[in-house]
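Visitor: This is the structure, below, for whatever I ask next.
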Amino acid sequence: MKKKLYLHIGMGKTGTTALQDFFAHNRQALGEMGISYPERGTMSNAHHLLSPHIPRFLEDQWQFETVDEWAPVLAEESVGNVLLSSELMAWADEARARKFCAQVSAWFDLHVVCYVRRQDNIIMASYNQQIKAGPQRRRIDLIFRKQMERFDYPRILAPWADSLEPGKVIVRPYERQQFHGEDIRRDFMYHVFGAELGEQFDLHQGNSNPRLSLAAGEYKRMVNCLIEDAEQNGRFNDLLMQYSAEVDASSTSVFSNQAVLSPEQRLEVIESCRKGNELVARLFLGRGDGALFVEPEPSADDAWQGNDLSVKTAASITAYLNREDPELIRQLGHQIEAYRDAMAFQKRQSARFLAHSVLGHQAANPVYRVSPEDAAPIVIGGLGGSGTRLVVSLLGDMGVTFGGELNESLDNLWFSLLYVRRTILLRSDEEMDKLAWLFTNAMRQGLEVPPELKPLLEEACDHDRSPVLPPDLLARAHESLLSVPGGAARDEHWGWKQPNSHILLPMLDRSFPEMKFVYVVRNGLDMAFSENQNQLKYFWGDLLLEGDISPTPVNALRYWVAAHKRMQGFRQRMGHRLHFLSFDRLCVDPEGELEALREFAGIQVSKRRLAELASQVAPPNTTGRFRQQDLSVFDPQDIDFVQQMGFDVE
């Protein structure tokens, strides 16, 4: 009779390190139970060298073994059944997993064990691990949707389950409240071997794989962009882990409540994975209700501190690192000097941000900031064709000043000149401060533009954005911005309208910390058939969408959905300073929507005047145009989202 081989394949970030350390430290106790945990093929107590999946970056670093090399030896030499553990194995593609199962089954009665973690939590934990390890250089908000595809549990489990007899793939949820004895080691032994842990087992307490605090993690991400030497990068890691343990006790706990994703982003992940998780619960755990995880889901209203690193906190971390290892900070300073003007965005941005604390760079330069009395504009943005022109007209009639150089659509051309260009996303905080000062000065004061800021204006004017913003229009805006008369009174309520403002919301919120933002949204199906697709076609399509971004109705709806979800993600950050205004509801109930808009803007307007303004509002003849079109071309999930947002889809 073949010996049994229990193959623990992960997933990574589900307590694998704790389990592997437990197995290694308790080899003798396991042996007394007839279970062998071999040393062969181990790296840091895990059998990574026996994995069918070989990460590309480890191909030339480690000596991996084939099944034909290790299986017959373990089958002959092991006393009793065999337990192997490596989280690399879960990432084997379908063909390799099936082949691996067939080869191992020739020598053993194979059983597979896999722990799964709710996807929002495992994405965040994996991201922190990648930051620690060094390869991760991108912010999580840019990559989390791609990560959702990686943690498709039915797809991951399918080749293993299809290759083995029913019941030989054991799936366990990684949640403390579902662990037997509230401990993953007890849970594993109970559900895999049917054993309770006795006194002969050493249950070392502690976190085998602590994490970086949120601030230290963002600091380390920037270091990853600048320090490629593995030894130096690892030294930063050691010190930042030490810093995290001192300033954030939760970083050393097994289950941390710190979140690098916003509540809205986490809910998006959970909803996207819900059906697959229900399938796993039914197939592998026999749960008819499909409940794989029981941890309460986050609420969109949950408090979230964000994961941006402030200059003050960065300075504190730099000071700590400098006390511990001055030479390391000196090396970081060299890299900052080398990459401050790099073409690569991540390197340049990281170098310029860390320069403030590492080099004390900002002390030598004039500081341009928007003054407190100018920090609370009312800004109107949305997709082109969503009704922003009507909204700015109504707010103007309520008493808000929308000055500056305007086009026929009442878009602020000074803002367009300075901000509506793809390269704006590559600007440093210092440059954004200067642009905000230039714009606000033109809108509110009319002071003479300092010579050191004029090159920024010239650069903006030379940036071709045809056909949306032709050169003659930019030249007009450039000339008028430089010739604003000084001494104008500062109106209490002021602002601007430029639909593209929503893309730049994080930058604008930093420059105008008391800003109130009105996001005008119209039925996404109507918008899909709009002739105005400039944002998608000329500016931001590949920022919000993957794959094809041609201005088709299908992609226009995809862009609408992506933009709307992105704006929802800013609710927690901006709170009462962000107002979603439904153009469709405005046309149906103008008095009610105008009252809500008035209250949001903090303007005093009589009911009689509001009624007069409401009487001017009427739905355009393009309302409901989608009903004359074939909607079968759209992704049903996109249509469902439109309906969830309160719009008609029939």
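Visitor: Determine which member of the set S44, S51, S78 is in the same structural domain as Q20 (by TED's automatic domain parsing), among the small types (G, A, S), at pLDDT below 95 and surrounded by 15 or more Cβ atoms within 10 Å (Cβ to Cβ). Steps first, please.
Guide: Numbers: S44 fails: surrounded by 15 or more Cβ atoms within 10 Å (Cβ to Cβ); S51 fails: at pLDDT below 95.
Step by step, each of S44, S51, S78 is checked, and only S78 is in the same structural domain as Q20 (by TED's automatic domain parsing), among the small types (G, A, S), at pLDDT below 95 and surrounded by 15 or more Cβ atoms within 10 Å (Cβ to Cβ).
Visitor: Is it the case, given these coordinates, that L410 is crowded, with 22+ Cβ neighbours inside 10 Å, hydrophobic (A, V, I, L, M, F, W, C) and in contact (Cβ under 8 Å) with a residue 24 or more places away in the chain?
Guide: Working: crowded, with 22+ Cβ neighbours inside 10 Å: no; hydrophobic (A, V, I, L, M, F, W, C): yes; in contact (Cβ under 8 Å) with a residue 24 or more places away in the chain: yes.
So L410 fails the test.
Visitor: Could you list all residues from segment 301-352 that are aromatic (F, W, Y), within 23 Å of the chain's Cα centre (by Cα) and farther than 20 Å from N128 by Cβ?
Guide: Here is the first cut: in segment 301-352, the residues aromatic (F, W, Y) are 304, 320, 339, 345.
Filter again for within 23 Å of the chain's Cα centre (by Cα), leaving 304, 345.
Result: F345, single match.
Visitor: Read through the list (1) buried (at least 18 other Cβ atoms within 10 Å of the Cβ); (2) farther than 30 Å from A338 by Cβ; (3) modelled with pLDDT of 90 or more; (4) within 25 Å of the chain's Cα centre (by Cα), then give the number of the only condition that M241 fails.
Guide: The number of the failed condition is (2).
Visitor: Additional query: What's the number of the only condition in (1) touching a helix residue (DSSP H, G or I) at 6+ places or on another chain (Cβ under 8 Å); (2) of a type in the set (A, V, I, L, M); (3) free of Cβ contacts under 8 Å to residues at least 24 places away in the same chain; (4) within 28 Å of Q616 (Cα to Cα) that L581 fails to meet?
Guide: L581 satisfies all of (1) touching a helix residue (DSSP H, G or I) at 6+ places or on another chain (Cβ under 8 Å); (2) of a type in the set (A, V, I, L, M); (3) free of Cβ contacts under 8 Å to residues at least 24 places away in the same chain; (4) within 28 Å of Q616 (Cα to Cα) except (3).
Visitor: Given segment 525-609, what helices (runs of 4 or more DSSP H) lie entirely inside it while holding 1 or more residues that are within 22 Å of the chain's Cα centre (by Cα) and either assigned by TED's automatic domain parsing to the domain that holds T423 or farther than 27 Å from F512 by Cβ (or both)?
Guide: Values: elements: 541-544, 553-568, 571-574, 583-588, 590-601.
Fully inside segment 525-609 and qualifying: 541-544, 553-568, 571-574.
Visitor: Right, here's the next one. Please list, ordered by residue number, the helices (runs of 4 or more DSSP H) wholly in segment 90-197 having 1 or more residues that are at pLDDT 95 or above and under 18 Å from F284 (Cβ atoms).
Guide: On the way: elements: 94-105, 119-133, 144-150, 153-163, 184-193.
Because the criterion is at least 1 residues that are at pLDDT 95 or above and under 18 Å from F284 (Cβ atoms), the helices (runs of 4 or more DSSP H) in segment 90-197 that meet it are 94-105, 119-133, 153-163, 184-193.
Visitor: Among the residues of segment 104-137, which ones are surrounded by fewer than 16 Cβ atoms within 10 Å (Cβ to Cβ) and either charged (D, E, K, R) or closer than 21 Å to L5 by Cβ (or both)?
Guide: Hit for segment 104-137 is A106, nothing else.
Visitor: So, one more: Looking at segment 121-135 only, could you name the residues that are closer than 21 Å to L239 by Cα, of a type in the set (S, T, N, Q) and within 13 Å of the chain's Cα centre (by Cα)?
Guide: At the first step, the residues of segment 121-135 found to be closer than 21 Å to L239 by Cα are 125-135.
Retained after the next criterion (residues that are of a type in the set (S, T, N, Q)): 126, 128-130.
Matches in segment 121-135: S126, N128.
Visitor: Would you pick out the residues in segment 320-336 that are assigned to a helix (DSSP H, G or I) and in contact with a helix residue (DSSP H, G or I) (Cβ under 8 Å, 6 or more places away or on another chain)? Lay out the reasoning, then the answer.
Guide: Going residue by residue through segment 320-336, those that are assigned to a helix (DSSP H, G or I) are 320-324, 326-336.
Across segment 320-336, the qualifying residues are Y320, L321, N322, E324, L328, I329, Q331, L332, G333, Q335, I336.
Visitor: Could you say whether any residue in segment 431-439 is farther than 25 Å from S386 by Cα, among the aromatic types (F, W, Y) and in contact (Cβ under 8 Å) with a residue 60 or more places away in the chain?
Guide: Yes, there is a match, as at least one residue in segment 431-439 is farther than 25 Å from S386 by Cα, among the aromatic types (F, W, Y) and in contact (Cβ under 8 Å) with a residue 60 or more places away in the chain.
Visitor: Anything in segment 289-319 that is part of a helix (DSSP H, G or I) and either of a type in the set (S, T, Y) or in contact with a helix residue (DSSP H, G or I) (Cβ under 6 Å, 6 or more places away or on another chain) (or both)? List them, or say none. Full working, then the answer.
Guide: At the first step, the residues of segment 289-319 found to be part of a helix (DSSP H, G or I) are 311-319.
Matches in segment 289-319: V311, T313, A314, A315, S316, I317, T318.
Visitor: Can you tell me which residue among G276, G290 is surrounded by fewer than 20 Cβ atoms within 10 Å (Cβ to Cβ), at pLDDT 95 or above, under 27 Å from R118 (Cα atoms) and over 22 Å from the mean Cα position of the chain (by Cα)?
Guide: On the way: G276 fails: over 22 Å from the mean Cα position of the chain (by Cα).
None of the others qualify; the one that does is G290.
Visitor: Hey, among the residues in segment 414-433 that are surrounded by 22 or more Cβ atoms within 10 Å (Cβ to Cβ) and under 20 Å from A376 (Cα atoms), which one's nearest to the chain's Cα centre (by Cα)? Walk me through how you get there before you give the answer.
Guide: Here is the first cut: in segment 414-433, the ones surrounded by 22 or more Cβ atoms within 10 Å (Cβ to Cβ) are 414-420.
Cutting the leftovers down to under 20 Å from A376 (Cα atoms) gives us 414-416, 418-419.
Working: W414: 31, F415: 27, S416: 27, L418: 27, Y419: 23 Å.
If we take residues in segment 414-433 being surrounded by 22 or more Cβ atoms within 10 Å (Cβ to Cβ) and under 20 Å from A376 (Cα atoms), then Y419 is nearest to the chain's Cα centre (by Cα).
Visitor: Here are some conditions: (1) modelled with pLDDT of 95 or more; (2) farther than 30 Å from S632 by Cβ; (3) under 22 Å from the mean Cα position of the chain (by Cα). Y519 meets all but one. Which one does it not meet?
Guide: Single failed check for Y519: (2).
Visitor: Oh, and also: For segment 442-460, which positions are more than 33 Å from the chain's Cα centre (by Cα) and either exposed (fewer than 15 other Cβ atoms within 10 Å of the Cβ) or not aliphatic (A, V, I, L, M) (or both)?
Guide: Of all residues in segment 442-460, those more than 33 Å from the chain's Cα centre (by Cα) come to 442-455, 458.
Selection gives R444, Q445, G446, L447, E448, P450, P451, E452, K454, P455, E458.
Visitor: A further question follows. So, in segment 472-500, exactly how many residues are surrounded by 14 or more Cβ atoms within 10 Å (Cβ to Cβ) and assigned to a helix (DSSP H, G or I)?
Guide: Matching residues across segment 472-500 total 9.
The values are calculated or read from the model by the stated rules, or taken from the named source; none is laboratory data. Predicted model only: the values in this text are computed from it and were never measured. Glycine gets a Cβ as well: all are built from the backbone with ideal geometry, and neighbour counts include every protein chain shown.
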